[in-house]
Amino acid sequence: MKRPGLKWELMLLCVVLVTIPTTLMGALGYYSYQSFAESALESQLKQRSEEMHALANTFIEQKDRVLKREEALVLKRIESIALTSQQVLLTLPVSMKPKIEGEDPDPHRILQKLSDIRLNRGGHIFLLDDNNSPVFNSALLENHSRPRFYNHFLGLIEEAMPLLLSGEIISIRYPWNLTEKGNYHYRQTALAYLENWQMVLGVTINETDYKSTAFERKLQNQLRNRLAIERIGDRGYIWVLNSKGEYIVSRDHLRDGENMSNVIDQNGQSLVQYMVNQAISQPIGDSKMIYYQWRNIGEEKPHPKAAAVTYVSEWDWVIGASADLDEFYAGLNDIQKQIFYICIVFILLSSAIAYFLAQRITHPIEYIEALATKAADGDLSVKVDRRQISETAEIHSMANAFSTMITNLNRLVLQKERNTVELARQNVALHESEEKLKAALQALEDEKQKLHTQAITDPLTGLLNRRGFSIAGNKEWQYHLRTRNPLTIAMIDIDYFKRINDEHSHSVGDDVLVELARHLTEHMRQSDLVARIGGEEFALILNQPLPEAEIGLERLRELIEHSPVTSADEQIHYTISIGAVEACRRFISLEAALDAADNNLYAAKRRGRNRVVSELKSA
């Protein structure tokens, strides 16, 4: 398509130069007013949203005050029971010191009564000896908790021992279990020390036994009813969602409980989930503006909305203060039309003036355009005839600039030829650098593989370490889940290994570890997985059912028992204890199966060591 002449372009330029400032001023005034109105709306919505957040926090603080009073009463109660129990038991002589549960056929009647006491549903009294072993109620302490929680519990007792030894009653709070949603269940325990028996007395109660949710639900319902009647303008209102996209509070309670996750925006994404994510990402108490399309019950089509959203994490509430944008923008349409009519008038007036100015400028510019066309076709020998150029400063400067441009183009052509030669030389050097870089990268990859092997291997025994076992073991576990092939997991521990180190030296202990690793490597099949996971502990994964694996583990135990380690002309006899389980659906992961095997290992220790304890034997 052929371009219009220069004269018409100049005329159009003049028209634009006249109308643009006026139009911009009008548009600036309109958009300034619109921006002010939008800022005022956003400020109002954010203020309402943050007021609702503060109101929710007020209700939450009221709930917390009540629960803290209940907790203070419970702590006072268990501390009183701990003090009373301590005073009673301190009157008993040392000779009546109780034994570990199951080893004392006739415990004192006071201990029997204490072991039978229950506080609410799950609270109880327990005793720990100087090895932190339960004297009674051991099932309530160990079997109902995960090992890492129980170890944390014992660690808190160790930290409190200096105060307990001074005669104080100490209260501790600690996680005890996980809910299905992944939240922690906590316990409160009052501790006292029995100096006559050198034991720790504990009175424990579950927080779920005394923290009622009925009061919290009552407060939530009061706040929900209050938010449902709030209005912003004629069609704006307050709404509340949870992180799952379910309505907590809807307009007039019409959609309470309805899941809105299926509402999508123009991009096909979940609009509600976007709102939830934006609210959760804000700092506590702050709000975020969101613009969106929404259709309420009774409306034929979605309407544009603006909302300030904030998140109340305590209740998992996303609170939104929303306004209807159709209602908001209704007053801005008349101003927009008036500005449009003013622009039309000024365009018509500027057109007549622009035509006259274009006539005077056209001729010299067309001459320079013809010279530029020749230069574009490759004729760089063109020169400007000054007689064809007017004396106006702008046109004269343009002619000088054109002459300078032709001179520079000739210089650039020469420079380009020189650069082409230099570029070819640099390409050769670059190729040589690439070859050196490839060789360096290959050396780096070889070193990386070497470091990876060292990271998953135990340097003493040459077996996999805990990290290597975790990587390889989880692959075996995933293969088992896909194929349901039989799989046996075993834990091995050297009996009285500390005694070997103390009586013979740590170097002899290392010899025992190396010798045991050699027997494991030679005794196990090539498909089995063997690792030293820490100290004198070893872990095995055997690709066979438990009955067959148990036979091999028993042979291994007998082999170790009759295979002493020779060190400095002295034979060191040692034995091992083994705990084993077979992978099945009740184990949700390899770690869970290892925990079960570890429990069987401890059972083997308790039964006298130098034995294999598996699920079959336990049954």
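Would a scan of the range 324-335 turn up a residue that is among the polar types (S, T, N, Q) and surrounded by 15 or more Cβ atoms within 10 Å (Cβ to Cβ)?
No, the conditions are met nowhere in the range 324-335.
For residue 370, the requirement of being of a type outside the set (Asp, Glu) and at pLDDT 75 or above is not met. Looking at the range 157-178, is at least one residue more than 30 Å from residue 255 (Cβ to Cβ), surrounded by 14 or more Cβ atoms within 10 Å (Cβ to Cβ), touching a Leu at 6+ places or on another chain (Cβ under 9 Å) and modelled with pLDDT under 85? Checked against the condition, which is being more than 30 Å from residue 255 (Cβ to Cβ), surrounded by 14 or more Cβ atoms within 10 Å (Cβ to Cβ), touching a Leu at 6+ places or on another chain (Cβ under 9 Å) and modelled with pLDDT under 85, the range 157-178 yields no hits at all.
Residue-by-condition table, conditions (1) under 30 Å from residue 539 (Cα atoms); (2) loosely packed, with under 10 Cβ neighbours inside 10 Å:
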{"residue": "410", "(1), (2)": "no, no"}
{"residue": "421", "(1), (2)": "no, yes"}
{"residue": "455", "(1), (2)": "yes, no"}
{"residue": "469", "(1), (2)": "yes, no"}
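Residue-level analysis places residue 345 outside the set of residues that are surrounded by 13 or more Cβ atoms within 10 Å (Cβ to Cβ) and modelled with pLDDT of 70 or more. Residue-level check: of (1) at pLDDT below 80; (2) within 40 Å of the chain's Cα centre (by Cα); (3) of a type in the set (Lys, Arg), residue 99 misses just (2). Contact map, the range 539-559: first residue farther than 17 Å from residue 527 by Cα, second residue part of a loop (DSSP other than H, G, I, E, B), Cβ cut-off under 8 Å, separation 6 or more or different chains; pairs are 557/575; 557/610; 557/611. Is it fair to say residue 69 is open to solvent by less than 50 Å² (accessible area, probe 1.4 Å), at pLDDT 85 or above and of a type in the set (D, E, K, R)? In short, no.
Within the range 298-315, track down each residue that is assigned to a loop (DSSP other than H, G, I, E, B) and open to solvent by 40 Å² or more (accessible area, probe 1.4 Å).
The answer is 298, 299, 300, 301, 302, 313, 314.
Of all residues in the range 546-579, those that are assigned to a helix (DSSP H, G or I), β-branched (Val, Ile, Thr) and surrounded by fewer than 20 Cβ atoms within 10 Å (Cβ to Cβ) total 1.
For the range 72-87, the set of residues classified as open to solvent by less than 60 Å² (accessible area, probe 1.4 Å) and in contact (Cβ under 8 Å) with a residue 12 or more places away in the chain consists of 74, 75, 78, 81, 82, 85, 86, listed by residue number.
Counting only residues that are open to solvent by 20 Å² or more (accessible area, probe 1.4 Å) and either small (Gly, Ala, Ser) or outside any helix (DSSP H, G or I) (or both), the range 584-595 holds 6 of them.
The values are calculated or read from the model by the stated rules, or taken from the named source; none is laboratory data. Treat the numbers as computed from the prediction; the structure is a model and nothing was measured. Reconstructed Cβ throughout: ideal geometry from the backbone, glycine too, with neighbour counts over all protein chains shown. Areas reflect the complete protein model, heavy atoms only, side chains present, ligands, DNA and RNA absent. Shrake-Rupley method; radii C 1.70, N 1.55, O 1.52, S 1.80 Å.
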